[in-house]
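The block underneath contains the structure these notes are about, expressed in C-alpha cells.
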Amino acid sequence: MHVTHLSLADFRSYARAEVPLDPGVSVFVGPNGQGKTNLVEAIGYLATLGSHRVSSDAPLVRMGAQRAVIRAAVRQGERQQLVELELNPGRANRARVNRSSQVRPRDVLGIIRTVLFAPEDLALVKGDPGERRRFLDELVTARTPRMAGIRSDYDRVLKQRNTLLKSAALARRHGGRSMDLSTLDVWDQHLARVGAELLAQRLDLVATLQPLTAKAYEQLAPGGGSVALEYKPSAEGIGAGAAGREELYGQLLAALAGVRKQEIERGVTLVGPHRDDLVLMLGRMPAKGYASHGESWSYALALRLASYDLLRSEPYGGGEASPEGGGGRRAGEPVLVLDDVFAELDARRRERLAELVAPGEQVLVTAAVDDDVPGVLRGARYAVSEGTVERL
C-alpha cells in the first residue's frame with residue numbers, strides 16, 4: 001500500500017498543496033518551520049483521525065480559514081481509492097471515500113495505515129501512562145478499525161459516569177441531600193461491558209507485540225539487554241489468568257463495586273482502561289526512570305518497529321472479516337513516516353534504523369538537513385519552503 005497523491009487545502013501552513021508521491025523512499029528537506037511535518041501529519045491524520053502533535057483540530061486549520069481538507073489517493077495492488085477528510089473545528093468533521101456520499105470519519109480508518117517515528121516518541125518511555133495508552137489504542141484501531149467505535153463508546157460512558165459521580169461528590173461536600181445513585185449500577189454495567197472489549201484487545205496486542213519488540217530492540221541495540229512489556233490494570237484481579245471478555249466484564253464490575261465509596265467521595269471513576277498503564281521493562285527494571293537517553297530512544301524505536309512488523313504481517317482487521325466481506329484480506333504494508341527523527345539519534349542508531357526501514361513499500365522522511373538522512377534512504381527528494389513543495 002502506498003499514497004500516490006496528497007492534496008491539502010487550508011491545512012496548517014498550506015493554502016493549497018498538490019504532492020505526487022511514488023513507492024519507495026521520499027525525503028522532504030527544508031529548514032525548520034517551513035511545513036515538512038505538516039505534510040506527513042496530514043497523512044497520519046487520515047490513518048488515525050488524530051495528530052501526533054496536537055490534541056485538537058483547531059491548530060490544523062490555516063489561520064483565517066474556516067475548515068481544512070485533506071485528500072489522498074491510495075493504491076493497494078491494482079486497486080486505488082480516494083479518501084477525503086474535511087476538518088471543521090467546533091463542528092462535526094466530514095469524510096468521503098471515492099467521492100461518494102458522505103460517510104462517518106471513522107469509516108475511513110484502515111484505508112491508510114501508518115507507522116510514525118517522531119521526536120515525540122521518547123514520551124512513550126519517559127512520559128505519563130496516557131502516552132502509552134494512546135500508543136496501544138491507536139495500534140488496536142489500526143489492527144481492527146471497528147475499535148474506533150468501541151473507544152468512542154467507552155469515552156462517552158466514562159464521561160456520563162464521571163458527571164454523575166461529580167454531582168454526588170459536590171452534593172456531599174456542601175451538605176445537601178444525598179443523590180439518588182441507583183442509575184450508577186447501570187453505568188457500571190455499560191462501562192464494564194465496553195471496557196472489557198477494549199481491555200481484551202489491549203491484552204492481546206501486548207502479548208503479540210512482546211516478541212516483536214524484543215527482536216527490534218536487539219536489532220537496534222545488540223547486546224543492550226532484554227525488554228519486556230507488562231500490562232498494568234488499574235485494580236488488582238483485572239486481567240488475571242487467561243480471561244476472556246465475559247471474565248473481564250465480571251472483573252471490572254467487581255473492581256468498580258470495590259471502589260464505589262472512594263469514587264463517590266472523589267467524584268471520578270477510579271477503575272477502568274482509562275487508568276491502566278503499559279510498563280516497559282529493561283532487564284529487571286522499568287525503563288522509565290532507569291533507562292539512559294540512548295536506551296530510551298532504542299526502546300521507543302523498537303516499539304514503532306514492532307508495530308510495523310505486526311501490521312505488515314496481519315490481514316485487515318486483525319484477521320476479522322474485512323468491510324468488503326470474504327474474510328481478512330491483506331491490507332498491505334503501512335506507510336512508514338520518519339518525522340525529523342534522524343536529527344535526534346546518534347550515528348549508530350541512525351544507520352541501524354535506516355537499514356531496517358529502507359525496504360518498506362513507502363517511506364516518508366522529513367529532515368532539516370539532507371546530510372542527516374543516511375545514504376541507504378536515498379530516494380525522491382522534495383524541497384519544502386514557505387508553504388511550497390517542489391520535487392527536485
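The values are calculated or read from the model by the stated rules, or taken from the named source; none is laboratory data. The shown structure was predicted, so the numbers you read here are calculated from the model rather than taken from an experiment. We place every Cβ from the backbone using ideal geometry, glycine too, and count neighbours over all the protein chains shown. We work out accessible area using only protein heavy atoms, side chains counted, and drop any ligands, DNA or RNA first. Shrake-Rupley method; radii C 1.70, N 1.55, O 1.52, S 1.80 Å.
Taking only the C-alpha atoms of the stretch 131-210, the Rg (one decimal) and the largest Cα-Cα distance, Dmax (whole number), read 16.3, 51 Å.
Taking the longest Cα principal axis of the chain as reference, the axis of helix 36-48 is set at about 50 degrees.
Using the Cβ-Cβ distance between Thr4 and Val268 with R0 = 56 Å, the FRET efficiency computed as 1/(1 + (r/R0)^6) comes to roughly 0.75. Using the Stokes-Einstein relation with a Kirkwood hydrodynamic radius computed over Cα pairs, the translational diffusion coefficient of the stretch 136-266 at 4 °C and a viscosity of 1.567 mPa s comes to 77 µm²/s.
Among the GluC sites (Glu not before Pro) found in the stretch 202-298, those both in a DSSP coil and sparsely packed, with 13 or fewer other Cβ atoms within 10 Å of their Cβ, are Glu236.
Residues of the chain: accessible area per residue at 1.4 Å, in Å²?
On the way: 17520 Å² over 392 residues.
That works out to 45 Å² per residue.
Potential lengthening of the chain between His190 and Glu120 amounts to 21.8 nm, from the contour at 0.36 nm per residue minus the alpha-carbon distance.
Starting from the coordinates of the alpha-carbon atoms of the stretch 24-113, obtain the Kirkwood hydrodynamic radius over all distinct pairs and give the value in Å to one decimal. Write down the numbers at each step before the final one.
Numbers: mean 1/r = 0.0707 Å⁻¹.
Computed over Cα pairs of the stretch 24-113, the Kirkwood hydrodynamic radius comes out at 14.1 Å.
Of Thr37, Thr388, which has the most accessible area and how do the rest follow, probe 1.4 Å? Each step should come with its number before you reach the end.
On the way: Thr37 30, Thr388 80 Å².
Ranked from most to least accessible, the order is Thr388, Thr37.
Between Ser182 and Arg94, what length in nm is gained on full extension when 0.36 nm per residue of separation is reduced by their alpha carbon distance? Write down the numbers at each step before the final one.
Working: separation 88, 0.36 × 88 = 31.68 nm, distance 3.82 nm.
Between Ser182 and Arg94, full extension yields 27.9 nm more.
Converting the Cα gyration tensor eigenvalues of the stretch 10-70 into ellipsoid dimensions via √(5λ) gives semi-axes, longest first, of 19, 14, 12 Å. Just so you know, the Cα atoms of the chain work out to an Rg and Dmax of 22.2, 72 Å. The stretch between Thr388 and Asn162, if pulled fully straight at 0.36 nm per residue, gains 76.7 nm over its current Cα-Cα span.
Sequence-distant contacts, meaning Cα pairs under 8 Å at least 6 residues apart, place the relative contact order of the chain at 25 percent.
Over all directions, the average projected area of the alpha-carbon convex hull for the stretch 59-110 comes to how many nm²?
Averaged projected area of the stretch 59-110's Cα convex hull equals 4.2 nm².
Which distance in Å, rounded to a whole number, links the C-alpha centroids of the stretch 75-115 and the stretch 154-176? Measuring centre to centre over Cα atoms gives 36 Å. Here is the link list: Lys126/Lys232; Lys159/Lys288; Lys166/Lys288; Lys36/Lys215. Which ones come out longer than 27 Å on Cα distance? In this structure, Lys159/Lys288; Lys166/Lys288; Lys36/Lys215 lie more than 27 Å apart at Cα. When you filter the GluC sites (Glu not before Pro) in the stretch 63-106 for DSSP loop state and at most 14 other Cβ atoms inside 10 Å of their Cβ, you are left with Glu78. Heavy-atom surface analysis with a 1.4 Å probe gives the chain a carbon and sulfur content of 49 percent of its accessible area.
Only Cα sites of the stretch 74-226 enter the Debye sum here, all with the same form factor; the resulting log10 I(q)/I(0) across q = 0.11, 0.20 1/Å is -0.69, -1.32, listed in q order. Considering only C-alpha atoms, what is the centroid distance from the stretch 1-22 to the stretch 266-304, in Å? Using only Cα atoms to place each centre, the spacing works out to 35 Å. Taking the DSSP bridge list for the chain and keeping only pairs wholly inside it, about 70 percent are antiparallel.
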